Amino acid sequence: MKKIQSYLIKVTGLVQGVGFRPFIYRLAKELQISGWVENRTDGVTILANTDQEGLDQFQQLILQMHPPASRIDQITAKKTDFFPCHQFIIKKSQAVAGQITAVSPDLAVCSACLEDIKKQKNRINYPFTNCTNCGPRFSIIKNIPYDRKNTSMHDFIMCPQCEAEYTNIENRRFHAQPNACSICGPQYQLVYQNQTITNMDAILSVTTTLLNTSGIMALKGMGGFNLICNAEDQQAVRKLRDLKKRDGKPFAVMFASLAGLKKYAQPADKEIELLTSVARPIVIIKSKTAGLPEEVCNGLHTIGAILPYMPIHYLLFEKSQLEAIVFTSGNFSSEPIIIHNHVAEQQLSQHCSAILEYNRTIINRCDDSVVQVVKNKTQIMRRARGYVPHAIPTALNTEGIFATGGELKTTFCLGKGQDGIFSQHIGDLKNADTFDAYQDAYNRLKMLFQFKPELVVTDLHQDFYAAQWAQQLGLPVIHAQHHHAHIAAAMAEFHLEEKVIGFAFDGIGLGTDHKIWGSEVLICDLLNFNRYSHLDYVLLPGLDQGAKEPWRMALSYLYKIFGKDLVNLDAPLLQQIKAQDQQLLVAILEQKINCIATSSMGRLFDAVAALCNICLIHTFEAEAPIRLENLADPQCYNEYSFHIDQTIKVYPMIEEILRDVQNQTPVAKIAAAFHNTVVRIMITLAKKIKNEYNINKVILSGGVFQNRFLLSRCYDFFLKEKFHLYVANQAPVNDGGLALGQLAIGAKQRSQ
Amino acid sequence: MNTILLDHGSGGGLTSELISNLFARYFNNDILLQMGDSAILPNLNEQLAFTTDSYVVQPIFFPGGNIGKLAVCGTINDLAVSGAKPLYLSCGMIIEEGFSLDKLEEIVSTMAHEAAQAGVLLVTGDTKVVEKGACDQIFINTAGIGKVNPKHIEIVTGKNIIPGDKILLNGPIGNHGMAILKERKSLPFEAPLQTDCQALNKVINEMLSYTEQIHFMRDATRGGIATVLTEIAEQKNYGISIAEQQIPVDKSVAGFCEFLGFDPLYVANEGKFIAIVANGVADELIQIMKKYPGCEKSCIIGEVTEKSQGKAILQTSIGGRRYLQKLNGFQLPRIC
């Protein structure tokens, strides 16, 4: 005979705002289990009246069939006092102190909702249509638990029809917190030539005209404003370039459909999977040679592609019949993206033909995420919409640790339990508004995750804004070395605690010797690192000016080899630089005026790009290395000379490159041989360390490993040599991932 | 006799010769000529400001001035920005054996000229000569006394600063620091650069006579205007907002700074000061300032705000905002 008992089942993970409770309800009904389900701040709790067999089946099916946007970290069941129920119900949310449950990232609109905006009377062309499987989440949440009253949907009272959906458990919109229709929900309005157009048909028709006549529009999206224009219209793209000021960074492009995208780019299967995922990030993919105007990608052979993720995107494409629109963030030079209507009107109206905004507040600013695929592995380069605030499980006790991140591409990380919770990409903290946004984001996430800070981990660099700010929190502070943190980020993600070989290659990070590091070959665990090798120090002339102008690094390398006679070299680069500037730079190097010694790998890429005459002054960050990578011939396996003693000496390579340039060797060959040489240096050192220390696990981290050519060569060579290679998938390898490494270092140190 | 000998500082015959032939001749005034162990000053009957500074600049001669000019103007300016009327200076010199007497005379004559121009008397002094290598050519210390009108007594503390106050600057920044650097390192930079070293007491005096509503002044020497503004924002716990576009920087200085990777906001000046004044008198004060040579480009560069407490914010010319930081010694690169 069946023995019916009451069981309390606790489910933790990403189980709120993703249709989890209705799913449990329907499943319980199907299995004829009575009881209740309830959202608590620490997860979902279920009371199930069933027998042991029924319980097993219930748990099994929960694990197998949970909604696509949900994630289960843990499911536990225990017997409890018998609590008779007649049926299964969904109880109202309850706040429980202590542990908290995950907040869902924003989700791309689902196909069922896209159907609804064609068919449902009250949702025809209604751009805020959503259901439990899709729509805004993180961007609208103010507090937990995730209930309508704690979101910016609180301002909108549901009409009877929406209310009926919301309360009908059989409905796809049952407890869909942002549920809305054209009668009761938020509305778009178009601010155009001092008028405000509110009728959706009129909005779409004016928008269509504008986009088809080289207009630039500001569009309020999920986590902020975007600037858009017809990507096939050179004039419009140029206008947008001017509007974005000095920035020469390639624009992302939103394509009407995957089929449309394939006309301009060649996505691999894994890339298609990402392009169409619920996170719907910008994916960097190989572009086709013929296609969009030069200004879009600024001469690069890759394109940042994205597919529509909000109903408004689909509507704009459908009405305008465009195939591709430039889709760039609504901000200027390192300011945070604009989220408020009044700010958009104030800052953008003089530059844009029209502003398409809506009357729901964006609570949490969130940029579009950027990812790429190298050797079939995903790399998140900008972690924001669709990914944040997903937790990254580590194997360490991270509770109460606040890791501040760095300064550029900043994210921070909060420790909860064993998780690292990344903030959304925040950006360059030198900008005051961005720094304010950083503090806002910290306060928000602190509340959403009921985070109680006990320990701060920050960079060694005392001038970093976040480092200075962290000092004022009145908490113990640990300083983690930049490159150690880069390696630790991957260690945390892959749950590695043993000694590893870490290659941390990037632009700059302050070293323990107060010099500027950036090509660090470390033997490390989470506690300590041994700086096994690095590029020989050269001077970085003019500090940050040296990072903006690659020609300076080229001269710095030439100076190291040829001294002040470098000005007499027969180098095409020198013909581009005024004699006075050459003399002045040499004088600066000779007397070390505002120069600092650096082992930066990023600056070596700069130097080589400038030597090849590809890029003398950056118009966007890392332009020189990106152009060098873009030109490198994948069929070329040539290498240059180097030698390694205490440090890595690439001077023979620089001389060979100079000769190749003089001999007019194609840049594609030089660029490839340079990349190959860097990989050869890495392999040489890794093998040496393996022999000496018997370590076989290799971690690659730091912004340099966003270089697709370099990274895929690394995969080839390291795997051939039977190393275990780790490159973070969840944490960005650039400084956006630093915070997770800081978190892990802090957690490990604290546990000692 | 055309170089300084150790005996010039021994207190003997050569010393008195140096004093009478050089210092007394150039600095010539009744108080100095008492030649006592102390200068006896008239009864000033007012509150006094008293300051001192030492000058060790290299090179000692540079475009637009020399170490003597700095020593006089620097101390005068410290008094003037404190709301005081500078009256008397002392002058202590430490000279390296073998230093050229001609050069010394040029320095002393410059000092005398600057003091006379500023209406200040050099009333007491001391000279020491040290062995070769014990100092680098010449070091000068000056101390100064000025009197302060009780109405201006809080300028030095900035106690009366309130949100809405305007921030005034008396001209282009960065000239001194960059001119000295170029000269010291003999850098091959074509455009001419010259120190802005000048005494500010006359312009400040007229400003003080015009209004009691000058709430704070400071000369922007080492650390530049950024350091002055971040310090005052922090001390007063108000926000300070300045606009990059309003801040005058000579083209040559801007170009040189950019090439070397320096931010002119942080570069030293020797004739520039920041005044924080009541909104109502700002425009009039600018008109007064503009009349004085070297202050023609005086302008309002920003204001004190209630927001952003304790921080100085730069509205950049490309449209962003940046919190200015106090420099912790050497500037480190930060672009990753």
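State yes or no: is A:Gln742 under 19 Å from A:Leu496 (Cβ atoms), touching a residue at least 60 places away in the same chain (Cβ under 8 Å), in a loop (DSSP other than H, G, I, E, B) and more than 14 Å from chain B (Cβ to nearest Cβ)?
Working: under 19 Å from A:Leu496 (Cβ atoms): yes; touching a residue at least 60 places away in the same chain (Cβ under 8 Å): yes; in a loop (DSSP other than H, G, I, E, B): no; more than 14 Å from chain B (Cβ to nearest Cβ): yes.
Judged against the criteria, A:Gln742 is not a match.
What number of residues within the range B:60-91 are of a type outside the set (D, E, K, R), open to solvent by 20 Å² or more (accessible area, probe 1.4 Å) and touching a Lys or Arg at 6+ places or on another chain (Cβ under 8 Å)?
Selection size over the range B:60-91: 2.
Do we have any residue at all in the range B:266-276 that's within 12 Å of chain A (Cβ to nearest Cβ) and out of contact with any His (no Cβ under 9 Å at 6 or more places or on another chain)? Give the derivation first.
Step one: filter the range B:266-276 for residues within 12 Å of chain A (Cβ to nearest Cβ), giving B:266-267.
The next check asks that each one be out of contact with any His (no Cβ under 9 Å at 6 or more places or on another chain); those that pass are B:266.
Looking for residues that are within 12 Å of chain A (Cβ to nearest Cβ) and out of contact with any His (no Cβ under 9 Å at 6 or more places or on another chain), one finds at least one in the range B:266-276, hence yes.
Return the pairs, sorted by first residue and then second, in which the second residue is of a type in the set (Phe, Trp, Tyr) and part of a helix (DSSP H, G or I), the first residue lies in the range A:612-626 and is outside the structural domain of A:Phe251 (by TED's automatic domain parsing) and crowded, with 17+ Cβ neighbours inside 10 Å, the beta carbons are less than 7 Å apart, and the residues are 6+ apart or on different chains.
A:Leu616/A:Trp551; A:Ala624/A:Phe605; A:Pro625/A:Phe605
State which residue is nearest to the other protein chains (Cβ to nearest Cβ) when the search covers only the range A:465-482 and only residues that are in contact with a helix residue (DSSP H, G or I) (Cβ under 9 Å, 6 or more places away or on another chain) and touching a residue at least 60 places away in the same chain (Cβ under 8 Å).
Of everything passing the filter in the range A:465-482, A:His482 is nearest to the other protein chains (Cβ to nearest Cβ).
Here are the criteria: (1) open to solvent by less than 20 Å² (accessible area, probe 1.4 Å); (2) at negative phi. Tell me which single one B:Val57 does not satisfy.
For B:Val57, the failing item is (1).
In the range A:295-331, which residues are on the phi < 0 side of the Ramachandran plot and part of a loop (DSSP other than H, G, I, E, B)?
Restricting attention to the range A:295-331, the residues satisfying the condition of being on the phi < 0 side of the Ramachandran plot are A:295-297, A:300-320, A:322-331.
Those that are on the phi < 0 side of the Ramachandran plot and part of a loop (DSSP other than H, G, I, E, B): A:Leu300, A:His301, A:Leu307, A:Pro308, A:Tyr309, A:Met310, A:Leu322, A:Glu323, A:Gly330, A:Asn331.
Looking only at the range A:695-737, filter to residues that are farther than 20 Å from A:Asp459 by Cα and acidic (Asp, Glu); which one of those is surrounded by the fewest Cβ atoms within 10 Å (Cβ to Cβ)?
Filtering the range A:695-737 for residues that are farther than 20 Å from A:Asp459 by Cα and acidic (Asp, Glu), the one surrounded by the fewest Cβ atoms within 10 Å (Cβ to Cβ) comes out as A:Asp716.
Can you tell me which residue is most open to solvent (accessible area, probe 1.4 Å) among those in the range A:265-276 that are more than 15 Å from the chain's Cα centre (by Cα) and closer than 18 Å to A:Gln730 by Cβ? Before you say what the answer is, go through the steps one by one.
Start the filter on the range A:265-276 by keeping residues that are more than 15 Å from the chain's Cα centre (by Cα), which leaves A:265-273, A:276.
Still in the running and closer than 18 Å to A:Gln730 by Cβ: A:270-271, A:273.
Numbers: A:Lys270: 53, A:Glu271: 13, A:Glu273: 112 Å².
Here the residue is A:Glu273.
Has the range A:631-641 got any residue that is open to solvent by 30 Å² or more (accessible area, probe 1.4 Å) and closer than 19 Å to A:Lys249 by Cβ?
yes
Looking only at the range A:356-378, which residues are surrounded by fewer than 24 Cβ atoms within 10 Å (Cβ to Cβ) and not in a loop (DSSP other than H, G, I, E, B)?
A:Glu357, A:Tyr358, A:Val370, A:Gln372, A:Val373, A:Val374, A:Lys377, A:Thr378
Would you mention how many residues in the range B:289-323 are open to solvent by less than 20 Å² (accessible area, probe 1.4 Å), modelled with pLDDT of 95 or more and not small (Gly, Ala, Ser)?
Qualifying residue count, the range B:289-323: 6.
Which of the residues belonging to the range A:284-319 are of a type in the set (A, V, I, L, M), open to solvent by 30 Å² or more (accessible area, probe 1.4 Å) and within 24 Å of A:Leu243 (Cβ to Cβ)? Explain how you work it out, then say what you get.
Step one: list which residues in the range A:284-319 are of a type in the set (A, V, I, L, M), which gives A:284-285, A:290, A:292, A:296, A:300, A:303, A:305-307, A:310, A:312, A:315-316.
Still in the running and open to solvent by 30 Å² or more (accessible area, probe 1.4 Å): A:284, A:290, A:292.
Correct list: A:Ile284, A:Leu292.
Of the numbered conditions (1) within 13 Å of chain B (Cβ to nearest Cβ); (2) buried (at least 24 other Cβ atoms within 10 Å of the Cβ); (3) in a helix (DSSP H, G or I), A:Gln545 fails exactly one; give the number of that condition.
Condition not satisfied by A:Gln545: (2).
Looking only at helices (runs of 4 or more DSSP H) that lie completely in the range B:147-242, which have at least 1 residues being within 14 Å of chain A (Cβ to nearest Cβ), open to solvent by 10 Å² or more (accessible area, probe 1.4 Å) and aliphatic (A, V, I, L, M)? It would help to see each step written out before you state the result.
Numbers: elements: B:175-184, B:201-210, B:224-236.
The helices (runs of 4 or more DSSP H) meeting that bar are B:175-184.
Please go through the range B:83-126 and give me each residue that is without any contact (Cβ under 8 Å) to a residue 60 or more places away in the chain and not in a strand (DSSP E or B), ordered by number.
So in the range B:83-126, the residues without any contact (Cβ under 8 Å) to a residue 60 or more places away in the chain come out as B:88-90, B:92-94, B:103, B:106-107, B:110, B:113, B:116, B:126.
Of everything in the range B:83-126, those that are without any contact (Cβ under 8 Å) to a residue 60 or more places away in the chain and not in a strand (DSSP E or B) turn out to be B:Lys103, B:Glu106, B:Ile107, B:Thr110, B:His113, B:Ala116.
Return yes when B:Leu285 is more than 14 Å from every other protein chain (Cβ to nearest Cβ), touching a helix residue (DSSP H, G or I) at 6+ places or on another chain (Cβ under 6 Å) and in a helix (DSSP H, G or I) and no when it is not.
Details: more than 14 Å from every other protein chain (Cβ to nearest Cβ): yes; touching a helix residue (DSSP H, G or I) at 6+ places or on another chain (Cβ under 6 Å): yes; in a helix (DSSP H, G or I): yes.
Here the answer is yes, as B:Leu285 does meet what is asked.
Sort through A:Val44, A:Val18 and tell me the only one that's among the hydrophobic types (A, V, I, L, M, F, W, C), within 25 Å of A:Ile392 (Cβ to Cβ), under 32 Å from the mean Cα position of the chain (by Cα) and not in a loop (DSSP other than H, G, I, E, B).
On the way: A:Val18 fails: not in a loop (DSSP other than H, G, I, E, B).
Only one candidate passes the filter, namely A:Val44.
Considering only the range A:217-232, I want to know if a residue exists there that is over 24 Å from the mean Cα position of the chain (by Cα) and open to solvent by less than 10 Å² (accessible area, probe 1.4 Å). Working first, answer last.
Going through the range A:217-232, the residues over 24 Å from the mean Cα position of the chain (by Cα) turn out to be A:217, A:230, A:232.
If we keep only those that are open to solvent by less than 10 Å² (accessible area, probe 1.4 Å) as well, we get A:217.
Yes, some residue in the range A:217-232 is over 24 Å from the mean Cα position of the chain (by Cα) and open to solvent by less than 10 Å² (accessible area, probe 1.4 Å).
When the range A:134-173 is examined, which residues are found to be among the charged types (D, E, K, R), surrounded by fewer than 22 Cβ atoms within 10 Å (Cβ to Cβ) and within 30 Å of the chain's Cα centre (by Cα)?
We begin by selecting, within the range A:134-173, every residue among the charged types (D, E, K, R); these are A:137, A:142, A:147-149, A:155, A:163, A:165, A:170, A:172-173.
Remaining after also requiring surrounded by fewer than 22 Cβ atoms within 10 Å (Cβ to Cβ): A:142, A:147-149, A:155, A:163, A:165, A:170, A:172.
A:Lys142, A:Asp147, A:Arg148, A:Lys149 - these are the residues of the range A:134-173 that are among the charged types (D, E, K, R), surrounded by fewer than 22 Cβ atoms within 10 Å (Cβ to Cβ) and within 30 Å of the chain's Cα centre (by Cα).
Would you say A:Thr647 is surrounded by fewer than 21 Cβ atoms within 10 Å (Cβ to Cβ) and closer than 22 Å to A:Phe705 by Cβ? It would help to see each step written out before you state the result.
Values: surrounded by fewer than 21 Cβ atoms within 10 Å (Cβ to Cβ): yes; closer than 22 Å to A:Phe705 by Cβ: yes.
Criteria met by A:Thr647.
What are the pairs with Cβ atoms under 6 angstrom where one residue, in the range B:1-28, is farther than 20 Å from B:Glu114 by Cβ and the other, located anywhere, is open to solvent by 70 Å² or more (accessible area, probe 1.4 Å) and not small (Gly, Ala, Ser)? Sequence gap at least six, or different chains.
B:Gly9/B:Lys128; B:Leu14/B:Asp7
Looking only at the range A:654-670, how many residues end up being open to solvent by less than 40 Å² (accessible area, probe 1.4 Å) and within 17 Å of A:Glu629 (Cβ to Cβ)?
Count: 3.
Out of (1) open to solvent by 60 Å² or more (accessible area, probe 1.4 Å); (2) within 14 Å of chain B (Cβ to nearest Cβ), the odd one out for A:Glu454 is which?
The one condition A:Glu454 does not meet is (2).
Just checking, which of A:Leu566, A:Leu526, A:Leu496 is surrounded by 20 or more Cβ atoms within 10 Å (Cβ to Cβ), away from every other protein chain (no Cβ under 14 Å), in contact with a helix residue (DSSP H, G or I) (Cβ under 8 Å, 6 or more places away or on another chain) and assigned to a helix (DSSP H, G or I)?
After applying the criteria, what remains is A:Leu566.
Among the numbered criteria (1) over 23 Å from A:Thr394 (Cβ atoms); (2) of a type outside the set (S, T, N, Q); (3) touching a residue at least 60 places away in the same chain (Cβ under 8 Å), which single criterion is violated by A:Ala492?
Failing condition for A:Ala492: (1).
Considering only residues that are touching a residue at least 40 places away in the same chain (Cβ under 8 Å) and part of a loop (DSSP other than H, G, I, E, B), look in the range A:21-41 and name the one that is surrounded by the most Cβ atoms within 10 Å (Cβ to Cβ).
By that ranking, first place goes to A:Ile33.
The values are calculated or read from the model by the stated rules, or taken from the named source; none is laboratory data. Just so it is clear, the structure is predicted and the values come from calculations on it, not from any experiment. Neighbour counts run over all protein chains shown; Cβ positions are idealised from the backbone, glycine included. Accessible surface areas use protein heavy atoms only, side chains included; no ligands, DNA or RNA. Shrake-Rupley method; radii C 1.70, N 1.55, O 1.52, S 1.80 Å.
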